[in-house]
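What follows is calculated from the coordinates using simple rules that are stated; it is not laboratory data. Note that the structure is predicted; figures quoted are calculated from it, not measured. FYI the Cβ positions are ideal-geometry reconstructions off the backbone, even for glycines, and counts take in every protein chain you see.
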Amino acid sequence: MLNKLDALELSADQKSKVEAAAKELNSTMMTLRKKGKDLEATVMASLNLSDDQQALLKKAAEAQTKFQKVVAETLTAEQLTALPQQLQQQLKRAKGEGKGPKKKKAA
């Protein structure tokens, strides 16, 4: 994702926030990868996940979502629109602006 943000001409403050979030994501993911070595192969092979494996996947997803939220909150609306559509949607969802399940109206 970072390489896609290069073209946005981030301010020094934005770049600092995004780099800090990326560093935290990388650290978290490295730890999770060490703990869950070959987890993806296990998932694909069996889809019979242990509680520990499910927890690792959840932590990885949470770390990714946290990173996306920081990026989404850091970029200006103009910078967001300069990104590819799929990435825009991911960041909007992370920020809480994306399409989610429709809520039923109260009767």
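Taking a 21 Å limit on the Cα-Cα distance, which of the listed pairs Lys17/Lys66; Lys4/Lys58; Lys15/Lys35; Lys35/Lys69 fall beyond it? Could you put the intermediate results ahead of the total?
Details: Lys17/Lys66 12 Å; Lys4/Lys58 25 Å; Lys15/Lys35 30 Å; Lys35/Lys69 25 Å.
Checking Cα-Cα distances, Lys4/Lys58; Lys15/Lys35; Lys35/Lys69 exceed 21 Å.
When the square roots of the Cα gyration tensor eigenvalues are ordered a ≥ b ≥ c, the ratio a/c for segment 2-95 is 1.5 or more and a/b exceeds b/c, which makes its shape prolate.
Only the Cβ atoms of Lys and Arg (+1) and of Asp and Glu (-1) were treated as charged; on that basis the dipole of segment 2-95 about its Cα centre amounts to roughly 180 debye.
Give me the extension gain from Glu78 to Leu2: residue separation times 0.36 nm, minus the current Cα-Cα distance, reported in nm with one decimal.
Working: separation 76, 0.36 × 76 = 27.36 nm, distance 1.69 nm.
Once the chain is fully extended between Glu78 and Leu2, it gains 25.7 nm.
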